[in-house]
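To start, the structure itself, in structure tokens.
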Amino acid sequence: MEKFSNLAINDLIIQSLSNMGFEEPTPIQEQSIPPAMEGKDLVGQAQTGTGKTAAYGIPMIDKILGSYAEKTQGIVLTPTRELAIQVAEELNKIGQYTDVRTLPIYGGQDIGRQIKALKKRPQIIVATPGRLMDHMNRRTIRLDDIKIVVLDEADEMLNMGFIEDIEKILQDTPAERQTLLFSATMPKAIQALAQRFLKDPAMISIKSKEVTVPLVEQYYIEVQDRQKFDVLCRLLDIQSPELAILFARTKRRVDELSEALKKRGYSAEGIHGDLTQAKRDSVLRQFREGIVDILVATDVAARGLDISGVTHVYNFDIPQDPESYVHRIGRTGRAGQTGLATTFVIPREIEHLRLIERVTKRKITRKPMPTMTDALEGQQRMTIERILNVIEEGNIEHYRGRAEELLAETDSVTLLAAALKLLTKEPNTVPVKLTEEAPLRPRGGGFRRGPKKDNRSGGNGNRRRW
């Protein structure tokens, strides 16, 4: 698969994509960006959640970036105000290091406020057709300098009765404009629209893959970004995974998480695209052999991994599309074994989670945030397991005499309770601070390296933090 850096995209946009955690293009992006960058018209058939916004947003911003003109040069038409807001936010993130600004325009918002914002001359307007027509009639938006028009979710706009508005808008834009049309389905009316207004378009179709992972128990925890790490540590203490993969959105996040976990005494290592092949191979070997319990990875780094025995997957950051989600949680629940996948979702990402549920046709169960008490109980359970394992192994005869002496002085329950307290370490709360990341919209500080800890215990071979 291509990387974004191989698609002749402006370096400022590449920088934005890296900051957003996009390492490689999705299939719709990989196939759409090159012809769009060449200025060709395009018809893309793809479902929501495949990365369509970036597929047209990247070439659109790249095209406008070359002029730096203080005038509106790009229009994106969407069926709903919610989608207009979401698309505008993503385009602003893609253009965050450029001078290209995007403004959403939609019904239900005060038009005077919109007119005031339009006077600042945004280079891109994302609009619902009805409200754009309103501004055209008021002459508060002029389409004379439009270079590129995007029709997003064209079939939905057709279903909502916007087809005549779309035709009028396209008629009022310059004939030499570039037009990109994206639609989940291709009814005859959309085909006719494309035939009338697009010039020899590139035709791209991305078929949805079958996305089912029946043997994986799936949960999510709604949590603020700043709380994620503490919640993760509590889960690790409660669930005590034998082998776990922790997915993060960016390479920087992977580095920070792996170092922060080590700082709290967990056995963790990270892999991402910046590692040398030798380092990557070393980390994976340690994980396969159980020397490392927790593998922290980006989506790209984890692609193609074939590691048996992964009991838990944690999505520290929710993935950008449903297929990435399925790929992630598919790392566990293999060879007939049941796996457990937990996704951390900040409140503004709940709709994105709902999209994943719709595409995967699977309900993801909500779980409450674990408490410190829950974590301590988890540590106690692990301690009891450890004691029982020692009993099963035998070889404790040398300790019986001292045990009998203690029992002569103290009752057995008090003695065992004291032993549990001594062996059970309270959950580690060494303070750490991760770089806070922007949430995904529905659609679509480093740490010093701590000493390497050997967290392996005897008995059943489970590696624990004691």
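The values are calculated or read from the model by the stated rules, or taken from the named source; none is laboratory data. Just so it is clear, the structure is predicted and the values come from calculations on it, not from any experiment. Positions of Cβ are backbone-derived with ideal geometry, glycine not excepted, and every protein chain shown enters the neighbour counts.
Numbers at a glance
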| quantity | calculated |
| --- | --- |
| Number of the condition not met by residue 217 [criteria: (1) under 14 Å from residue 314 (Cα atoms); (2) more than 15 Å from the chain's Cα centre (by Cα); (3) crowded, with 19+ Cβ neighbours inside 10 Å] | (3) |
| Residue 276 modelled with pLDDT under 85 and either surrounded by fewer than 18 Cβ atoms within 10 Å (Cβ to Cβ) or of a type in the set (Val, Ile, Thr) (or both) | yes |
| Qualifying residue in the stretch 42-51 (condition: in contact with a strand residue (DSSP E or B) (Cβ under 7 Å, 6 or more places away or on another chain), modelled with pLDDT under 85 and either crowded, with 21+ Cβ neighbours inside 10 Å or not acidic (Asp, Glu) (or both)) | yes |
| Scope the stretch 159-186; condition modelled with pLDDT under 90 and assigned to a helix (DSSP H, G or I); matching residues | 159 |
| So residue 75, is it within 19 Å of residue 177 (Cβ to Cβ) and part of a helix (DSSP H, G or I) | no |
| Test result for residue 54, in the same structural domain as residue 177 (by TED's automatic domain parsing), in contact with a Ser or Thr (Cβ under 7 Å, 6 or more places away or on another chain), under 22 Å from residue 321 (Cα atoms) and part of a helix (DSSP H, G or I) | no |
| Hey, residue 165 of a type in the set (D, E, K, R), in the same structural domain as residue 27 (by TED's automatic domain parsing) and out of contact with any strand residue (DSSP E or B) (no Cβ under 9 Å at 6 or more places or on another chain) or not | no |
| Condition check for residue 157: more than 30 Å from residue 327 (Cβ to Cβ) and either surrounded by 13 or more Cβ atoms within 10 Å (Cβ to Cβ) or of a type in the set (A, V, I, L, M, F, W, C) (or both) | yes |
| Boolean, residue 28 is part of a helix (DSSP H, G or I), farther than 21 Å from residue 146 by Cβ and aliphatic (A, V, I, L, M) | yes |
| Residue under evaluation residue 293, criteria (1) buried (at least 19 other Cβ atoms within 10 Å of the Cβ); (2) at pLDDT below 90; (3) of a type in the set (D, E, K, R), criterion not met | (2) |
| Close pairs from the stretch 155-184: first under 12 Å from residue 78 (Cα atoms), partner of a type in the set (Ser, Thr, Tyr) and in a loop (DSSP other than H, G, I, E, B), Cβ under 7 Å, at least 6 apart | 155/185 |
| Flag for residue 331 being in contact with a strand residue (DSSP E or B) (Cβ under 7 Å, 6 or more places away or on another chain), farther than 20 Å from residue 46 by Cβ, of a type in the set (Lys, Arg) and assigned by TED's automatic domain parsing to the domain that holds residue 234 | yes |
| Any hit, the stretch 190-203, residues being touching a strand residue (DSSP E or B) at 6+ places or on another chain (Cβ under 8 Å), surrounded by fewer than 20 Cβ atoms within 10 Å (Cβ to Cβ), farther than 29 Å from residue 152 by Cβ and not small (Gly, Ala, Ser) | no |
| Some residue of the stretch 92-101 being touching a helix residue (DSSP H, G or I) at 6+ places or on another chain (Cβ under 7 Å) and part of a helix (DSSP H, G or I) | yes |
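For (1) closer than 17 Å to residue 143 by Cα; (2) surrounded by fewer than 16 Cβ atoms within 10 Å (Cβ to Cβ); (3) out of contact with any Ser or Thr (no Cβ under 6 Å at 6 or more places or on another chain), each residue gets a yes or a no:
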position: 63; (1), (2), (3): yes, no, yes
position: 70; (1), (2), (3): yes, yes, yes
position: 74; (1), (2), (3): yes, no, yes
position: 80; (1), (2), (3): no, yes, yes
position: 93; (1), (2), (3): no, no, yes
position: 115; (1), (2), (3): yes, yes, no
position: 123; (1), (2), (3): yes, no, yes
